[in-house]
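Here's the structure we're looking at; comments come further down.
The values are calculated or read from the model by the stated rules, or taken from the named source; none is laboratory data. This one's a predicted model, so the numbers in the text were calculated from it and none came from an experiment. Because the Cβ atoms are built from the backbone with ideal geometry, glycine has one as well, and the counts that use them run over all protein chains shown. Calculation scope for accessible area: heavy atoms of the full protein, side chains included, ligands and nucleic acids excluded. Shrake-Rupley method; radii C 1.70, N 1.55, O 1.52, S 1.80 Å.
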Amino acid sequence: MSQLQQLVHHSSILILVVLLLRKSSADVGTAGHYDPPYTPTACFGYDPLQFPSSFLFAAAGEGIWDNGAACGRQYWVRCISADRPKTCNPAQLVQVRIVDRALSAVSRSSSDRATIVLSKTAFEAIANPSASSVNVEFVQV
């Protein structure tokens, strides 16, 4: 396991405990995923610095877009259920940065009307990538 994976794993456990203790502050929605190309984005255009080096980023669905105020926000996201058993890795959390609006993203989302559309890397961290959407719990950092 790489150092980044270990760090994400340990951070995920800590955040999971926080989420469980403060369950009322987390929201529930759906997450889809999208593949490259990711630019231009509604938030930052062609700026390559908008993407975290971890590639853990997302596009905001209309429910959290907030007329563009979502740009740059960060969320902890955890898969809680899916149509097929064993799709989620519920012990895994990812912290993503909003860089785009799902409706206007260059790449199509795997799921229409998702609350949040995760980069391929972020989605694969919390769920089986063959799923088109999953139910998630998310909280703004």
Query raised in the report: Do we find a residue being under 18 Å from P52 (Cβ atoms) and either at pLDDT 95 or above or in contact with a Phe, Trp or Tyr (Cβ under 8 Å, 6 or more places away or on another chain) (or both) anywhere in the range 80-90?
Result: no
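Pull up the range 54-90, narrow it to residues that are among the hydroxyl-bearing types (S, T, Y) and either in contact with a strand residue (DSSP E or B) (Cβ under 7 Å, 6 or more places away or on another chain) or outside any loop (DSSP other than H, G, I, E, B) (or both), then point me to the one that is surrounded by the most Cβ atoms within 10 Å (Cβ to Cβ).
Kept after step one, since they are among the hydroxyl-bearing types (S, T, Y), are these residues of the range 54-90: 54, 75, 81, 87.
From the residues that got through so far, the ones that are either in contact with a strand residue (DSSP E or B) (Cβ under 7 Å, 6 or more places away or on another chain) or outside any loop (DSSP other than H, G, I, E, B) (or both) too are 75, 81, 87.
Details: Y75: 24, S81: 14, T87: 18.
The residue in question is Y75.
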**Report entry** Unmet requirement for V139, which otherwise passes all of (1) open to solvent by less than 10 Å² (accessible area, probe 1.4 Å); (2) in contact (Cβ under 8 Å) with a residue 60 or more places away in the chain
**Finding:** (1)
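Out of the residues in the range 110-128 that are at pLDDT 95 or above and in a loop (DSSP other than H, G, I, E, B), state the one that is surrounded by the fewest Cβ atoms within 10 Å (Cβ to Cβ).
From the range 110-128, those at pLDDT 95 or above are 114-128; that's our starting set.
Right, trim to in a loop (DSSP other than H, G, I, E, B) and you get 114-115, 128.
Numbers: A114: 26, T115: 24, N128: 15.
Selected residue: N128.
Within the range 91-101, which residues are within 20 Å of S132 (Cβ to Cβ) and either part of a strand (DSSP E or B) or out of contact with any helix residue (DSSP H, G or I) (no Cβ under 7 Å at 6 or more places or on another chain) (or both)?
Initial filter on the range 91-101 (within 20 Å of S132 (Cβ to Cβ)): 92, 94, 96, 100-101.
Across the range 91-101, the qualifying residues are V94, V96, D100, R101.
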